[in-house]
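The values are calculated or read from the model by the stated rules, or taken from the named source; none is laboratory data. Just so it is clear, the structure is predicted and the values come from calculations on it, not from any experiment. Positions of Cβ are generated from backbone atoms using ideal geometry, with glycine treated the same way; all protein chains shown enter the neighbour counts. Each accessible area value is taken on the protein alone, full model and side chains, heavy atoms only, with ligands, DNA and RNA left out. Shrake-Rupley method; radii C 1.70, N 1.55, O 1.52, S 1.80 Å.
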Amino acid sequence: SDGVGNIGQSDNSFNTVHAKATSAQYADLAEKYEADADYDEGTVVMFGGDKEVTICGSSNCKAIAGIISTSPAYSMNDGLEADNVAVVALVGRVPCKVTGSIKKGDLMVSAGDGKAKADNGAGIGEVIGKALADSEGEGVIEVVVKH
């Protein structure tokens, strides 16, 4: 046997796992934050608003928190309970709402309205990550989040 299988159950979990290596089906590390509203996956969010995070409504924002994740490989702060919980990708690749002309490898910054845009001259604290695809106009592409 190759040692593949499930361990534990929802009502009988393990406390500590000792292993040499792991792998994940999904591609980002995320953390849960209390949000002031329910945001769609791929939305760019920032620290601020009435709670911990809110939609990023400005261009080249320096208070960037990250992008709302679709399915994180690892989710931190998993016990957070709130009216609106935002699962924010901090590192890794996730779909992101974008606008404007984007080329693969461009630095991505906030564009306002929860979207990102390309800006290869971005300043410190403005960069969300790098584009993994080309795009023109409005759309959704994968972005590698790098803070």
Exercise. Could you count how many residues in the stretch 104-144 are in contact with an Asp or Glu (Cβ under 6 Å, 6 or more places away or on another chain) and under 16 Å from ALA63 (Cβ atoms)?
Worked result: 1
Exercise. Can you tell me which residues in the stretch 56-71 are farther than 14 Å from ALA111 by Cβ and either buried (at least 17 other Cβ atoms within 10 Å of the Cβ) or touching a strand residue (DSSP E or B) at 6+ places or on another chain (Cβ under 8 Å) (or both)?
Worked result: ALA63, ALA65, GLY66, ILE68, SER69, THR70
Problem set entry | Residue check, THR43 open to solvent by less than 70 Å² (accessible area, probe 1.4 Å), hydroxyl-bearing (Ser, Thr, Tyr), under 28 Å from ALA118 (Cβ atoms) and without any contact (Cβ under 8 Å) to a residue 24 or more places away in the chain | no
Problem set entry | Odd one out for ALA73 among (1) closer than 30 Å to SER23 by Cα; (2) modelled with pLDDT of 95 or more; (3) among the aliphatic types (A, V, I, L, M) | (2)
For this session: Give the residue, chosen from ALA116, ALA86, that is in a strand (DSSP E or B) and either modelled with pLDDT under 95 or over 11 Å from the mean Cα position of the chain (by Cα) (or both).
Result: ALA116
Exercise. Which of the residues spanning the stretch 38-50 are under 9 Å from ALA86 (Cβ atoms) and either touching a strand residue (DSSP E or B) at 6+ places or on another chain (Cβ under 7 Å) or outside any loop (DSSP other than H, G, I, E, B) (or both)?
Worked result: TYR39, THR43, VAL45
For this session: Please verify whether the stretch 86-93 includes one or more residues that are free of Cβ contacts under 8 Å to residues at least 60 places away in the same chain and open to solvent by 40 Å² or more (accessible area, probe 1.4 Å).
Result: no
